[in-house]
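The values are calculated or read from the model by the stated rules, or taken from the named source; none is laboratory data. Owing to the predicted nature of the structure, the values given are computational and were not obtained by experimental measurement. Counting neighbours? That spans all protein chains shown, and the Cβs are built from the backbone with ideal geometry, glycine included. Side chains are part of the model used for accessible areas, which takes the heavy atoms of the whole protein and leaves out ligands, DNA and RNA. Shrake-Rupley method; radii C 1.70, N 1.55, O 1.52, S 1.80 Å.
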Amino acid sequence: MDVKSREIEVFFDGECPLCLREIAALRSLDRRERIQFTDIAAPGFDPASIGLTHADLMEKIHGRLADGTLIEGVEVFRRLYGAVGFGPLVALSRMPGVAGALESAYCVFAKNRLRLTGRCTPERCELPARA
């Protein structure tokens, strides 16, 4: 089934334990099949097919709406949870103060996701050398 028959396609890191738990929960809640789940770590996945690089997709979560619009960050989660029936929660997440706090928290998580999930390598998490 292609994204046009779904509300949203989510591009997730299938090698991330925390991400996999979130995706599993969403899959179980997606009884109306409104979400297309695409694992960016799957063999054969080509990020160029959506106009992004693998590094872009690893930096933060991305989604694609049925009309082809790409979205990222907290907005992806809003759309995902809206698709499974948590509209009132989504509305709360857009409130002033709450929206900013969620964006800030997600930014911190996204920047530290590999470290938090024990998947750092010198290439992925190495801090730049101090001058």
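Here is how the numbers come out for the structure above:
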read-out	value
Sorted largest first, extent of the chain alpha carbons per principal axis (Å)	51, 40, 25
Accessible surface of E15 - all protein chains present, 1.4 Å probe, nearest 10 Å²	100
Sequence ranges 106-114, 24-32, ranked by mean other-Cβ count within 10 angstrom, highest first	106-114, 24-32
Environment charge of I71, counting only residues whose C-beta is closer than 12 Å and scoring Lys/Arg +1, Asp/Glu -1	-1
Charge sum, other residues only, whose C-beta stays under 15 Å from P17's C-beta, Lys/Arg counted +1 and Asp/Glu -1	0
